[in-house]
Amino acid sequence: MLMKQVIQFIEAFNVEIILCTLLAFFILLILYIIAEVRISRMEYRYKELVHGTKDINIEELLIQNGHDIDNLREEILKWNKELSNLNTKLTFTIQKVGFVRYNAFADMGSELSFSIAFLDGFSNGFVLTSIYNREQSTCYAKPIKNGKSIYPLSVEEMQSIDRAIKGDLFQNIV
């Protein structure tokens with residue numbers, strides 16, 4: 001009797017049942033296509049991840065990449081420390097130069113005398129002066145600490161130190 005009722009129900013609503021079945025089929029087909037696209041994308045990403053490696057599982061690959069990243073971090077820290085040491089050493093090298101040419105004597109031309117200051121990052125160094133005249137040329141140096149000297153400085157020497165500190169190496173040179 002139950003079977004007879006089921007058959008009568010199917011005969012009465014067969015069009016609606018076919019339409020619902022078709023609708024369910026198309027929904028499942030669309031879901032299947034979406035799942036296939038997602039799976040193919042994952043397969044592509046996985047192949048890109050393990051590109052060039054054979055017979056390796058993803059866990060081993062990730063563990064190896066983790067070790068590689070740790071090694072790179074150690075290398076970066078080492079290079080940063082080395083860079084810091086080099087920067088510290090560079091502050092003690094000659095970084096600033098100031099130059100002044102002038103006539104030391106009124107009867108001489110061509111501005112053959114000069115003063116040149118060589119200073120490090122702390123304005124320490126020396127100023128080198130050469131005085132030229134017709135009979136002789138004299139050259140001497142004076143130490144500079146924090147932009148000053150314990151020895152008396154000429155105007156030209158002070159100018160060369162000032163230019164070195166300001167970074168005006170060739171100011172007013174003809």
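Every number here is computed from the coordinates shown, using simple stated rules; none is lab data. On a predicted model such as this, the values are computed, not experimentally measured, just so you know. Cβ placement follows ideal geometry from the backbone for every residue including glycine, while neighbour counts extend to all protein chains displayed.
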I need a count of the residues in region 8-20 that are assigned to a helix (DSSP H, G or I) and surrounded by 10 or more Cβ atoms within 10 Å (Cβ to Cβ).
9
Test: residue 44 is in contact with a Ser or Thr (Cβ under 7 Å, 6 or more places away or on another chain), surrounded by 10 or more Cβ atoms within 10 Å (Cβ to Cβ) and not basic (Lys, Arg)
no
How many residues does region 21-64 contain that are among the small types (Gly, Ala, Ser) and either closer than 30 Å to residue 10 by Cβ or assigned to a loop (DSSP other than H, G, I, E, B) (or both)?
2
Test residue 124 against the stated conditions and say whether it is on the phi < 0 side of the Ramachandran plot and touching a Pro at 6+ places or on another chain (Cβ under 9 Å).
yes
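Each row is one residue, and each column tells you yes or no for (1) surrounded by fewer than 14 Cβ atoms within 10 Å (Cβ to Cβ); (2) of a type outside the set (Val, Ile, Thr); (3) more than 14 Å from residue 164 (Cα to Cα); (4) out of contact with any Phe, Trp or Tyr (no Cβ under 9 Å at 6 or more places or on another chain).
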site	(1), (2), (3), (4)
66	yes, yes, yes, yes
81	yes, yes, yes, yes
88	yes, no, yes, yes
100	no, no, no, no
120	no, yes, no, no
136	yes, yes, yes, yes
140	yes, yes, yes, yes
Out of curiosity, is residue 155 of a type in the set (A, V, I, L, M, F, W, C) and touching a helix residue (DSSP H, G or I) at 6+ places or on another chain (Cβ under 9 Å)?
no
